């Protein structure tokens with residue numbers, strides 16, 4: 001079965017540095033196949049026998065911690081879930097000069113529609129939609145500094161999400177559809 005692992009908070013601002021070649025080896029050493037990383041922000045696609053995603057995540061978190069001395073949360077999603085989330089993004093939502101567009105993938109403890117209320121987007125300035133397992137968010141660059149995304153740091157939701165840009169979310173869906 002095809003999975004995508006999203007590592008939270010690695011290779012950001014020179015902190016929690018994890019080389020992608022080493023990360024691929026960790027996944028391969030854990031017995032996973034067709035391991036592929038996408039960009040340097042902790043996106044790993046891999047094949048594994050069907051298992052509970054929480055069990056896969058826990059095992060991989062331990063392996064990454066041991067190998068790199070980095071504490072990070074890992075969210076493991078099935079390829080189908082990654083594709084469904086990306087498909088829910090409106091076609092005209094893009095990250096460009098006018099708009100910032102992100103997907104907030106939710107860890108299991110917040111993976112419900114209640115997360116949208118906790119996120120607290122201001123409908124006058126930004127758009128936020130719940131999609132099973134994620135919050136889809138778009139804000140004009142003019143309002144980005146006052147968006148719910150900026151306020152996320154001070155909320156309980158902060159440690160329960162890992163964020164990817166819309167382009168990355170769509171690319172991960174394409175890669176997840178490929179077989180290893």
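Readers should treat all values here as calculations from the given coordinates under stated rules, not as data from a laboratory. Nothing here was measured: the structure is a model prediction, and the numbers come from that model. FYI the Cβ positions are ideal-geometry reconstructions off the backbone, even for glycines, and counts take in every protein chain you see.
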(message) List pairs: first residue in region 147-167 and without any contact (Cβ under 8 Å) to a residue 12 or more places away in the chain, second residue assigned to a helix (DSSP H, G or I) anywhere in the structure, Cβ distance under 7 angstrom, at least six positions apart or on different chains.
(response) 158/152
(message) Within region 114-136, does at least one residue satisfy the condition of being in contact with a strand residue (DSSP E or B) (Cβ under 9 Å, 6 or more places away or on another chain), assigned to a loop (DSSP other than H, G, I, E, B) and under 18 Å from residue 10 (Cα atoms)?
(response) no
(request) Kindly provide the set of residues from region 21-40 that are part of a helix (DSSP H, G or I), free of Cβ contacts under 8 Å to residues at least 60 places away in the same chain and surrounded by fewer than 18 Cβ atoms within 10 Å (Cβ to Cβ), ordered by number. (result) 21, 22, 24, 25, 28, 29, 40
(message) For the structure I just gave you, tell me whether residue 86 is in contact with a strand residue (DSSP E or B) (Cβ under 6 Å, 6 or more places away or on another chain), surrounded by 12 or more Cβ atoms within 10 Å (Cβ to Cβ) and at negative phi.
(response) no
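Restricting to region 129-146, give me the number of residues that are crowded, with 21+ Cβ neighbours inside 10 Å and free of Cβ contacts under 8 Å to residues at least 40 places away in the same chain.
First pass over region 129-146, keeping only residues crowded, with 21+ Cβ neighbours inside 10 Å: 133-139.
Filter once more, keeping what is free of Cβ contacts under 8 Å to residues at least 40 places away in the same chain: 135, 137.
Total meeting the criteria: 2.
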